[in-house]
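Data block below; observations after.
The values are calculated or read from the model by the stated rules, or taken from the named source; none is laboratory data. Just so we're clear, the structure is a prediction, and the values are computed from it rather than from any experiment. Glycine also receives a Cβ, built like all others from the backbone with ideal geometry; neighbour counts cover every protein chain displayed.
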Amino acid sequence: MVDKKLTFRDRIIGVLLRDARQRAGRTKAECADALDVSSETIEAYEEGRTPISLPELEVLGYFLDTPIHRFWERDPKLEPEGDHRDFEALLDLRHRIVGVLLRQARLEANMTQEELAEVLDRPPDRVSEYEHGTKPIPVSELELLATQLQVPVEHFLDGKGGSVGNWHRQQALDRRFHELPEDVQAFVAKPVNIKYLEVAMRLSQMPASKLRAIAEGLLEITY
């Protein structure tokens, strides 16, 4: 049952990955160069025959200018841009960071490597390899582990100021901005309104008691 769920999820991710690559106008060989893998591996990822790890998916999203959240959406609308960066170093670092986060989440959940391995129907040393960053964790398996450890899969994303994480966060901010009503977008986009937005930001950080005092003071002035 677990294997069927993983296989189905790997195929979905593969379809979305192929769609992102084609929309970005990139070849399998170019994606392979970015990850330092073979073109056959990229093809296996896209066909769902080989599961891809989260760091690899993050870096490919970065390379293909495709926000990471698009791989969790049913109907992603992707934009065709991207350029080459030092992906090998990014991948190595991200694999190790994801491993550390996995170990931390497992310890906080008071679970053993053997228990996590049982969830995945994998040998215990596989979880050890994941935690040490020596073996990439397939996204489909990471999603299962996140559910078991009661943490969102976003917990493992690059959110500590890294170049990949900064890019994905900027894409998410852009997406949220375009989801705002048009009149709100127009207001925010006008430079003359920046001061009003800064006041609103400061007010949002104030405790309720202080806001109440300000409101009472304004009423006294008005009446």
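Structure above, values below:
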item	result
Filter pass, Gly14 being buried (at least 17 other Cβ atoms within 10 Å of the Cβ) and in the same structural domain as Arg94 (by TED's automatic domain parsing)	yes
Members of the stretch 117-151 that are assigned to a loop (DSSP other than H, G, I, E, B) and exposed (fewer than 15 other Cβ atoms within 10 Å of the Cβ)	Asp121, Pro123, His132, Thr134, Gln150
Filtered residue count, the stretch 173-187, keeping only those that are under 26 Å from the mean Cα position of the chain (by Cα) and part of a helix (DSSP H, G or I)	8
